[in-house]
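The values are calculated or read from the model by the stated rules, or taken from the named source; none is laboratory data. Owing to the predicted nature of the structure, the values given are computational and were not obtained by experimental measurement. Cβ coordinates were reconstructed from backbone atoms using ideal geometry, including for glycine residues, and neighbour counts include every protein chain displayed.
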Amino acid sequence: MELLFSLLGNFLQVGLFSFGGGYATIPLIQEYIVEGQGWLTYQELTDILTISQMTPGPIAVNTSTFVGTRIAGFPGAVFATVGCVLPGVLMSVALYYFFRKYNGIQGVSDVLAGLRATSVGLIAAAAGSILLIALTGSSELGQGSGIGAATAGVFAGMLFMLRKWKWSPMLVMAVSGGLGALLFGVLGL
């Protein structure tokens, strides 16, 4: 039971401080779950994030559910998900009434502008961590196994397909999965 309440507490913090949406939760989950508690490795978190991207629903909710399941089974999934979602629900209700009452005040707009800028920074930090883990196996610069040619090629190719030819993300994931199975499974690169 202590583990479940620890999951709840950690994900309450993630939900409470994840301004900017789902991707902004990634650095927080990394800090609390991987670095703070040591419940997962960076690679396990990256795998969970990958699966969370491919399943329907918000990435923060999916990630908290998968992390909770990995750590404490179904009860862990429930506690982690409730912890992640509850602060947002309560804040949304409170902010609805606040903004309805103080809609035209300049200070409120200034605070929101600062929060938007912070959200972009959090998302960029999360993207950088995921990119490093995917390419090198470590979230730290200069650590890990180095960038393999096959990994870099798949990354660059799929980025090109997304940006130049506007491939569907589902198609990119399917092709990437197939290439991964071929390159890393069959050919052992």
> Looking only at region 45-76, which residues are among the hydrophobic types (A, V, I, L, M, F, W, C) and more than 20 Å from Phe17 (Cα to Cα)?
Replying inline: Ile48, Ile51, Met54, Ile71, Ala72, Phe74
> Restricting region 146-161 to residues that are within 22 Å of the chain's Cα centre (by Cα) and closer than 15 Å to Gly177 by Cβ, which is modelled with the lowest pLDDT?
Replying inline: Thr151
> Among the helices (runs of 4 or more DSSP H) confined wholly to region 96-189, which include 3 or more residues that are in contact (Cβ under 8 Å) with a residue 12 or more places away in the chain, within 19 Å of Ile59 (Cβ to Cβ) and assigned by TED's automatic domain parsing to the domain that holds Glu31?
Replying inline: 106-136
> Taking region 96-128, which residues are among the basic types (Lys, Arg) and surrounded by 10 or more Cβ atoms within 10 Å (Cβ to Cβ)?
Replying inline: Arg116
> Does any residue of region 86-94 turn out to be out of contact with any Ser or Thr (no Cβ under 7 Å at 6 or more places or on another chain) and closer than 22 Å to Pro169 by Cα?
Replying inline: no
>> Being part of a helix (DSSP H, G or I) and modelled with pLDDT under 85 is the requirement here; does Ala72 meet it?
In response: no
>> From the list Phe17, Phe79, exactly one residue is in contact (Cβ under 8 Å) with a residue 24 or more places away in the chain, of a type in the set (Phe, Trp, Tyr) and more than 24 Å from Leu135 (Cβ to Cβ). Which is it?
In response: Phe79
>> So, in region 1-58, how many residues would count as being at pLDDT 90 or above, in a helix (DSSP H, G or I), of a type in the set (Phe, Trp, Tyr) and surrounded by 15 or more Cβ atoms within 10 Å (Cβ to Cβ)?
In response: 1
>> Based on this model, can you work out whether Val89 counts as touching a residue at least 60 places away in the same chain (Cβ under 8 Å) and assigned by TED's automatic domain parsing to the domain that holds Leu28?
In response: no
